[in-house]
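Reviewing the structure listed below.
The values are calculated or read from the model by the stated rules, or taken from the named source; none is laboratory data. In this text, all values refer to a predicted model and were calculated from it rather than measured experimentally. Every residue, glycine among them, receives a Cβ derived from its backbone with ideal geometry; neighbour counts consider all protein chains shown.
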Amino acid sequence: MRRTRSEAACLILSAVALVVALLPSLVIAQATPEGSPVVDGGPRFILRPADDVDGSYFTLEAKPGSSHTLKVVLANADNESLKLNTYVADAFTLVNGGFGVREADDPKEGTATWITYEAGTVSLEPGKGIERELTVKVPDGTAPGQYIAGVVLQTAEPIKISGSSLFSQIIRKSIAVFITVPGETSADFTLGTPDIQTEGGLSRLVVPVVNDGDVVVKPAGTLALTDAQGKEIFNQQVAMGSVYAGMETTLEVPLPLTLPDGDYQIALDLSDKATSTTAKLAETSVTLAREGQSQAPVAITKASVTPMPSADNVQFAAVAVTITNNAAPVNGAMVVLNVARDGKPVEDFTLANAVTLQQGETQVEQRYLPAEGWTAGEWSFTLTLESVDPQTGAKTTILTQPIDQTISIAGR
């Protein structure tokens, strides 16, 4: 899917904390129609419908062939003169949903072509404002449904970022012009082929989302990821913002930094509460393959279970594990010994809890004694490495790995 420069700018903004050092300028864009962003520092200005003191977006019900006049307020809330640019442009759906507006010089191809507006640069003195009219003419023959464009007010020149001589930003505010053409409508959305994308060492699951209907949807639901052995890596709730009628975007979910390369299965079940529409992906394969990285981010490089004091007289098992971390430190790691006898699960025994895996090797040594003692049979062991979110307690499985050694207990 080709993205315009304005869409790319909003994608960059969503990851600004990671890539700000690479950008000569930033465009701060509004994520939803319900309000403009709050910017710490920089010029203060106002963009809102003239008849709505709350500053919400325009809503208009209009029949095909009808013409309507709306008024917007442009005002300077700063203590110095401001030079600002204003324009109308087509809207698009942001990554993970939400309201975005294209750049002033992007071609107008959609709802923006219905709107007549005096674009250009305005100079406003402190505490002063002006009103501008928007004339909306809905084309004859327009099908029932919801349509959207945007009005933008932004700084005419980039503003220098405090403390930096290299970077600057354009401060932007935008509001939606949300038009409903009455009549029978239908809601529908579909999910495309998922992919795992890696950039700058960070991986994310990317799923195309297409609104095939003529009304807005806000998909939300559950996402589960399992590894090639069927082990669930994580299961979490996901919720998108508005995906506008006839538009497409992507659902993008960050993956754990420590997730090893390999094949995975995803199950994604989304629904829109307002319209009761649903879309699912079941047992869909994706592959994580980091370019130029031959080593797994985190690996268990050594593991042993040694019967003590001897194989003929087992009192306990000495478990030794070496974990090698080739990535960033992992906080809240937990090492679990999964124990089975004759192929049947016995218990999960925690070897280490709340461990920080620094880069390099971390060694874990622990004694293991079954809660109900050793009984006759073939005892086998698997290691599970998890990370635990300290805020929510949610666990993410990093990897599972069988231990080659077993312990055989003869009948007693």
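Summary table
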read-out: Residue list for the stretch 216-265, restricted to those being closer than 16 Å to SER285 by Cα and of a type in the set (Ser, Thr, Tyr); value: THR226, TYR264
read-out: Extreme residue, nearest to LEU268 (Cα to Cα), among residues of the stretch 159-185 that are modelled with pLDDT of 85 or more and part of a loop (DSSP other than H, G, I, E, B); value: THR185
read-out: Residues of the stretch 243-266 that turn out to be of a type outside the set (A, V, I, L, M, F, W, C) and not in a loop (DSSP other than H, G, I, E, B), as a count; value: 9
read-out: Single residue of ALA299, ALA303 found to be more than 20 Å from GLU232 (Cα to Cα) and either without any contact (Cβ under 8 Å) to a residue 40 or more places away in the chain or touching a strand residue (DSSP E or B) at 6+ places or on another chain (Cβ under 7 Å) (or both); value: ALA303
read-out: Sole residue being farther than 22 Å from ALA274 by Cβ, among the aliphatic types (A, V, I, L, M) and over 17 Å from the mean Cα position of the chain (by Cα), chosen from ILE171, ILE196, ILE148, ILE179; value: ILE171
read-out: Test set (1) at pLDDT below 50; (2) surrounded by 15 or more Cβ atoms within 10 Å (Cβ to Cβ); (3) touching a Lys or Arg at 6+ places or on another chain (Cβ under 8 Å) - ILE12 fails condition number; value: (3)
read-out: All positions within the stretch 266-294 that are among the polar types (S, T, N, Q), in contact with a strand residue (DSSP E or B) (Cβ under 8 Å, 6 or more places away or on another chain) and at pLDDT below 95; value: THR284, SER285, THR287
read-out: The stretch 79-102, subset touching a strand residue (DSSP E or B) at 6+ places or on another chain (Cβ under 7 Å) and among the charged types (D, E, K, R), residue farthest from THR135 (Cα to Cα); value: LYS83
read-out: Those residues of the stretch 228-245 which are surrounded by fewer than 18 Cβ atoms within 10 Å (Cβ to Cβ) and either of a type in the set (D, E, K, R) or more than 18 Å from VAL207 (Cβ to Cβ) (or both), in sequence order; value: ALA228, GLN229, GLY230, LYS231, GLU232
read-out: The stretch 63-87 residues that are touching a residue at least 12 places away in the same chain (Cβ under 8 Å), paired with ones that are in a strand (DSSP E or B) and aromatic (Phe, Trp, Tyr) (beta carbon under 7 Å, 6 or more apart); value: LEU70/PHE58; ALA75/PHE45; ASN76/PHE45; ALA77/PHE45; ASP78/PHE45; LEU82/PHE45; LEU84/PHE45
read-out: Some residue of the stretch 299-319 being farther than 30 Å from GLU109 by Cβ, assigned by TED's automatic domain parsing to the domain that holds ALA333 and of a type in the set (D, E, K, R); value: yes
read-out: Within the stretch 186-221, considering residues that are buried (at least 16 other Cβ atoms within 10 Å of the Cβ), of a type in the set (Val, Ile, Thr) and assigned to a strand (DSSP E or B), the one modelled with the lowest pLDDT; value: THR198
read-out: Tally of residues being polar (S, T, N, Q) and either at positive phi or not in a strand (DSSP E or B) (or both) across the stretch 222-242; value: 2
read-out: Count of the stretch 124-140 residues which are free of Cβ contacts under 8 Å to residues at least 60 places away in the same chain and surrounded by 12 or more Cβ atoms within 10 Å (Cβ to Cβ); value: 3
read-out: Near pairs, Cβ below 6 angstrom, 6+ apart or cross-chain, from the stretch 168-180 (closer than 13 Å to VAL101 by Cβ) to any residue that is of a type in the set (Gly, Ala, Ser); value: ARG172/ALA29; LYS173/SER36; SER174/GLY150; ALA176/GLY150; VAL177/ALA149
read-out: Flag if THR350 is within 22 Å of PHE316 (Cβ to Cβ), in a loop (DSSP other than H, G, I, E, B), hydroxyl-bearing (Ser, Thr, Tyr) and touching a strand residue (DSSP E or B) at 6+ places or on another chain (Cβ under 7 Å); value: no
read-out: The lone exception for ARG44 - which of (1) within 25 Å of MET247 (Cα to Cα); (2) surrounded by fewer than 18 Cβ atoms within 10 Å (Cβ to Cβ) it fails; value: (1)
